[in-house]
Amino acid sequence: MLIGHEQASAKMTNNDAGLSAVEPEIRRFRAWVETAPVLAVIATIVVGCITVAAQYIASRRALDAQMIEIGVSVLRAPPKNEDTSIRHWAVDIIEKYSETHFNDAQRRAFMENAMPFGGTVRPMGGS
């Protein structure tokens with residue numbers, strides 16, 4: 001049997017063995033705690049970039065809609081011989097900002113006729 005100092009030394013050796021088994025877990029936890037602020041900063045930057053990108057896309061689409069409105073308003077007026085260039089411009093603007101393409105017959109119809117639209121827009125399938 002161990003006496004006094006030898007007993008205390010044996011207890012310390014047993015505690016050290018138990019501590020060394022837990023030590024890798026403690027190191028991993030500390031590493032995670034140390035990297036958490038860095039991850040928080042990265043997450044904040046990513047969320048900020050996504051927000052800016054979404055706002056840019058939304059504002060871009062709003063600008064596209066306004067340009068289409070301008071083109072349509074030009075084409076609503078009855079055509080005159082002196083305004084053919086502005087009507088060409090209006091058709092080009094509508095094509096560009098609505099991302100559609102008009103064939104030659106459609107372009108000719110826009111050039112020779114006033115756009116028949118003059119009321120409010122009804123939803124698809126509505127009466």
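Read-outs: derived from the displayed coordinates by stated rules, not from any lab. All figures in this text were calculated on a predicted structure; none of them were measured in a lab. Please note: Cβ atoms are built from the backbone with ideal geometry, for glycine as well, and neighbour counts cover all protein chains shown.
Remarks
- Spacing of the two label points (7 Å from each Cα toward its C-beta) at Ala65 and Ala77, in nm: 2.5
- For region 9-112: rounded, prolate or oblate by the Cα gyration tensor [a/c cutoff 1.5]: prolate
- For region 88-99, 3J(HN,Hα) computed residue by residue from phi via the Karplus equation (6.51, -1.76, 1.60; θ = phi - 60°) reads 4, 4, 4, 5, 4, 4, 4, 4, 5, 8, 9, 6 Hz, glycine and proline entered as x.
- Working note: Karplus 6.51/-1.76/1.60 with θ = phi - 60° gives region 28-41 the couplings 4, 4, 4, 4, 5, 5, 6, 8, 4, x, 5, 5, 5, 5 Hz, where Gly and Pro are set to x.
- Long-range HN-HN contacts of Ala77 with modeled amide H, under 5 Å: Met115
- In loop segments of region 14-114 as defined by DSSP, the GluC sites (Glu not before Pro) with at most 11 further C-beta atoms inside 10 Å of their C-beta are Glu99.
- Region 9-112: relative contact order as a whole-number percent, Cα under 8 Å and 6+ apart: 21
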